[in-house]
Amino acid sequence: MTTRAKPRLGVFKFSSCDGCQLSLLDCELELLAVTDAVEIAYFLEATRKDMKGPFDVVLVEGSITTPHEAELIRQIRKSTKALITIGACATSGGIQALRNFTDVNGFLDIVYARPDYIETLETATPIAEHVAVDFELRGCPINKHQLLEVLNAFLNKRKPNIPHYAECIECKQRGTVCVMVAKGIACLGPVTQAGCGGLCPATHRGCFGCFGPMETPNTGALADRFLGELKQDKGTVQRAFRSFNANAPAFREESLKHD
């Protein structure tokens, strides 16, 4: 009797902090089930084993910021059946996409003693702007339980059950009093996709938008409330939308209104 080969999983990193890969390692006991279900063929964060494609599923963390990365992601796309981007960097460009609002050469001159040695692109962009992506998993970092759900879904050829509603729903489920209503704290929860369980509002802070825009975000109405009822200036409102997901279309467009 022949044994059926396990699906082959590859995990790749581009420009990022590694936090989303660590979320996979943080699965701990659940990770044993993952390794039992798939063959981890490439994952340099966790193993020195370096097996080439083809892969059945590839997870990609990080944004594209160099010509080398732009070429490499095209090679990876050709080597896998399914490509899943994980985290804010891979799905929207990440915090490094703040370069997209200015001249990248200004950053190079400030950070590097010899910027002439640096080869970089003018922008930091999500993976989907370079190759076809089968699913985008949001978060900075991602939710490990959502990651397991997405892997399970792709291995079993079904649609991942990931919420697209606002973070406010998770606050309600948790019993957290709205910090914007009760304390006048600016909060991106009404326009941010759920995923963290309402972590920041539960500790009396406003949501920072780590999971990016929800499915139908009314950013204009929220910005008007920041400016009016909460008496924030335009610069503060702009910075609220320019954080982990600054390059996500809805957040980017709203931030540009407050230049």
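The values are calculated or read from the model by the stated rules, or taken from the named source; none is laboratory data. The model shown is predicted, which means the values in this text are computed figures rather than measured ones. Reconstructed Cβ throughout: ideal geometry from the backbone, glycine too, with neighbour counts over all protein chains shown.
Take the conditions at pLDDT below 95, surrounded by 14 or more Cβ atoms within 10 Å (Cβ to Cβ) and farther than 12 Å from Thr91 by Cα and apply them to Lys157. Does it pass?
No: the conditions fail for Lys157.
When you check Arg114 against the structure, is it loosely packed, with under 15 Cβ neighbours inside 10 Å and touching a residue at least 24 places away in the same chain (Cβ under 8 Å), yes or no?
no
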All-but-one check, Lys78 against (1) surrounded by 19 or more Cβ atoms within 10 Å (Cβ to Cβ); (2) out of contact with any strand residue (DSSP E or B) (no Cβ under 7 Å at 6 or more places or on another chain); (3) charged (D, E, K, R); (4) farther than 24 Å from Phe251 by Cβ, failing number (1)
Picked from region 119-160 (must be among the acidic types (Asp, Glu) and not in a loop (DSSP other than H, G, I, E, B)), the residue nearest to Asn100 (Cα to Cα) is Glu129
Surrounded by 20 or more Cβ atoms within 10 Å (Cβ to Cβ), in the same structural domain as Ala82 (by TED's automatic domain parsing) and under 26 Å from Thr125 (Cβ atoms): does that describe Leu188? no
Examine region 174-191 for a residue that is closer than 20 Å to Ala90 by Cα and in a loop (DSSP other than H, G, I, E, B), and state whether such a residue exists. no
Mind listing just one residue for me: the one in region 34-75 that is of a type in the set (Asp, Glu) and over 26 Å from Glu149 (Cβ atoms) and, of those, surrounded by the fewest Cβ atoms within 10 Å (Cβ to Cβ)? Asp50
Can you run down the residue pairs with Cβ atoms below 8 Å, 6 or more apart or on separate chains, where the first is in region 147-159 and under 16 Å from Lys81 (Cβ atoms) and the partner is part of a helix (DSSP H, G or I) and not hydrophobic (A, V, I, L, M, F, W, C)? none
Go through Ile142, Ile110 for me and flag whichever is assigned by TED's automatic domain parsing to the domain that holds Ala33, touching a helix residue (DSSP H, G or I) at 6+ places or on another chain (Cβ under 7 Å) and not charged (D, E, K, R). Ile142
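Could you tell me whether any residue of region 39-62 is aliphatic (A, V, I, L, M), in a loop (DSSP other than H, G, I, E, B) and touching a helix residue (DSSP H, G or I) at 6+ places or on another chain (Cβ under 7 Å)? Spell out the reasoning first.
Just the residues of region 39-62 that are aliphatic (A, V, I, L, M), to begin with: 40-41, 44, 46, 51, 57-60.
Those left that are additionally in a loop (DSSP other than H, G, I, E, B): 44, 46, 51.
Narrowing further to those that are touching a helix residue (DSSP H, G or I) at 6+ places or on another chain (Cβ under 7 Å): 46.
There is at least one residue in region 39-62 that is aliphatic (A, V, I, L, M), in a loop (DSSP other than H, G, I, E, B) and touching a helix residue (DSSP H, G or I) at 6+ places or on another chain (Cβ under 7 Å).
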